[in-house]
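Below: the structure, in structure tokens.
Readers should treat all values here as calculations from the given coordinates under stated rules, not as data from a laboratory. The shown structure was predicted, so the numbers you read here are calculated from the model rather than taken from an experiment. Cβ: placed from backbone, ideal geometry, glycine included. Neighbour counts: every protein chain shown.
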Amino acid sequence: MAVLLSEREKQIFEEAKAYALEYIAPYAAQWEVDGVLDKDAVRNIADHGYFGVGCPKALGGREYNYLETALTYEGLAHGDGGFAFFVQLHNNITWDMVEFYDTSDEVRALLPDMVAGRKLTAYALTEEDAGSDPAMSKSYARLCEDGYHVFGEKTWISNCMDADYFTVIVHNETEGGMVILLMERGTKGFEICENRRRLGGNAMTCGTIRFDDAVVPISRCMSKNGLKQALSDINVARIFVPAIGIGMAQHALDITMKRLAVRETFGQPVIKNQAIQFKLAELSAKLEAARWLVYHVASQMDAGENIPVPAAMAKLLGPNTVWEVVTECAQLFGAAGFAYNSEISRCVNMARTMKIMDGSTEVQQIVIGRALAKTALKSV
């Protein structure tokens, strides 16, 4: 197995980073204030081909593998972690529909617009009391002759205010298990309730949706094994979220080192202080280790290996390392690190979010710990 990136892989990352610094970074502060999705930015990123990166070229995608896709998100995060997460979220949903769901001809006909970003998506799994344990969700669907009648409420749904289509995972009251349905915005009985403002990542909306006898045609059922499929979907996100965090943390390190090179104390640039150099060395080494774990697990996925535990390790180590890096960088900024909506404070706020999204730190510990215990018990 190669332990170096190829020239193509390096180019994918560098192009995404350059795009992010030109087209995302200059606007990120205003997006955070506005708290709404910038439609001009959506069109621009679509024009540059960053939607559908993992989807087949026949549908308008780039057909990137998992490692190439992770490198893309790492690069985009140099502009803004929140906006990079929006791109990743939409792409993951369309990729799932293309590659993994039992999509009907009717749904497949909708895919080119989704892959191209002309129609946006959201993923509706989480409920107020069922985030880490989706099997405990209360929303349900009742199968009737005219389709699935959906009842209940989902919350913390990213991109809810702007999505045209929602991947909805609910209990199948009629047949048992959980079902994945594709619900269209504007469906009677489907209500988008609010946009919750968060500590960070407000370039994309996030809120609550409700179903009061919202009917989804049977042809838009994408899986009758919804819980297993949803957990598989999350495994993919557990590679890409750390990749975004690592790109954002590297950007935080980059701007911190530039500041320390020009800021003087006691007659010399701060970065000449050996204690500061030692701290930067530790942070850089830890970030590099987290980066290569993500690359390794993405490569395992490309090889077709089963990756729930490695993915959990990447999601555990990645966001924890990112949090350490960006908070230490904010400390090195001094008082400026506490400034509202600065580049460094946005990194801190988004890093905090990454320890929760797509499975909290504690959930990753459970997944890894159970696997370790199972292996140990088998050995005795």
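Out of (1) surrounded by 24 or more Cβ atoms within 10 Å (Cβ to Cβ); (2) assigned to a helix (DSSP H, G or I); (3) touching a residue at least 60 places away in the same chain (Cβ under 8 Å), what's the single condition that is false for GLY79?
It is condition (2) that GLY79 fails.
Which condition breaks for GLU127 when tested against (1) closer than 21 Å to GLU191 by Cα; (2) surrounded by 24 or more Cβ atoms within 10 Å (Cβ to Cβ)?
(2)
If you take the residues of the stretch 30-45 that are exposed (fewer than 15 other Cβ atoms within 10 Å of the Cβ) and among the hydrophobic types (A, V, I, L, M, F, W, C), which of them is nearest to the chain's Cα centre (by Cα)?
VAL36
Any chance the stretch 145-155 includes a residue that's at positive phi and of a type outside the set (A, V, I, L, M)?
Looking for residues that are at positive phi and of a type outside the set (A, V, I, L, M), one finds at least one in the stretch 145-155, hence yes.
For the stretch 172-209, name all the residues that are in a strand (DSSP E or B), over 23 Å from the mean Cα position of the chain (by Cα) and not hydrophobic (A, V, I, L, M, F, W, C).
ASN172, GLU191
Just to check your reading of the model, which residue among GLY304, GLY337 is part of a loop (DSSP other than H, G, I, E, B) and either surrounded by 16 or more Cβ atoms within 10 Å (Cβ to Cβ) or not polar (S, T, N, Q) (or both)?
Matching residue, one of GLY304, GLY337: GLY304.
Only one of (1) buried (at least 17 other Cβ atoms within 10 Å of the Cβ); (2) farther than 14 Å from ILE239 by Cα; (3) of a type outside the set (Val, Ile, Thr) fails for GLU362. Which number is that?
(1)
Keeping to the stretch 351-380, report how many residues are more than 23 Å from ALA124 (Cβ to Cβ) and assigned to a loop (DSSP other than H, G, I, E, B).
2
Is at least one residue of the stretch 212-227 part of a helix (DSSP H, G or I), among the acidic types (Asp, Glu) and either out of contact with any strand residue (DSSP E or B) (no Cβ under 7 Å at 6 or more places or on another chain) or within 21 Å of ARG142 (Cα to Cα) (or both)?
The answer is no; no qualifying residue exists.
Considering each residue of the stretch 100-109, count those that are farther than 15 Å from ASN225 by Cβ and either in a loop (DSSP other than H, G, I, E, B) or within 23 Å of the chain's Cα centre (by Cα) (or both), and give that number.
Total meeting the criteria: 2.
Mind checking which pairs have a first residue in the stretch 94-105 that is surrounded by fewer than 20 Cβ atoms within 10 Å (Cβ to Cβ) and a second that is assigned to a helix (DSSP H, G or I), Cβ under 6 Å, 6 or more apart or different chains?
Cβ pairs passing all conditions: SER104/SER219.
Take the conditions under 20 Å from the mean Cα position of the chain (by Cα), in a helix (DSSP H, G or I) and in contact (Cβ under 8 Å) with a residue 60 or more places away in the chain and apply them to VAL309. Does it pass?
Yes: the conditions hold for VAL309.
If I ask for residues that are surrounded by 15 or more Cβ atoms within 10 Å (Cβ to Cβ) and not charged (D, E, K, R), which ones from the stretch 10-20 would you list? Give the steps one after another, and end with the answer.
Residues of the stretch 10-20 surrounded by 15 or more Cβ atoms within 10 Å (Cβ to Cβ): 12-13, 15-17, 19-20.
Correct list: ILE12, PHE13, ALA16, TYR19, ALA20.
Take the conditions surrounded by fewer than 15 Cβ atoms within 10 Å (Cβ to Cβ) and not in a loop (DSSP other than H, G, I, E, B) and apply them to GLU153. Does it pass?
Answer is no for this residue.
Restricting attention to the stretch 319-333, report how many residues are in a helix (DSSP H, G or I) and either in contact with a Gly (Cβ under 7 Å, 6 or more places away or on another chain) or touching a residue at least 60 places away in the same chain (Cβ under 8 Å) (or both). Can you show your working first?
At the first step, the residues of the stretch 319-333 found to be in a helix (DSSP H, G or I) are 319-332.
With either in contact with a Gly (Cβ under 7 Å, 6 or more places away or on another chain) or touching a residue at least 60 places away in the same chain (Cβ under 8 Å) (or both) added as a condition, the list becomes 319, 321-322, 325-326, 329-332.
So the count comes out to 9.
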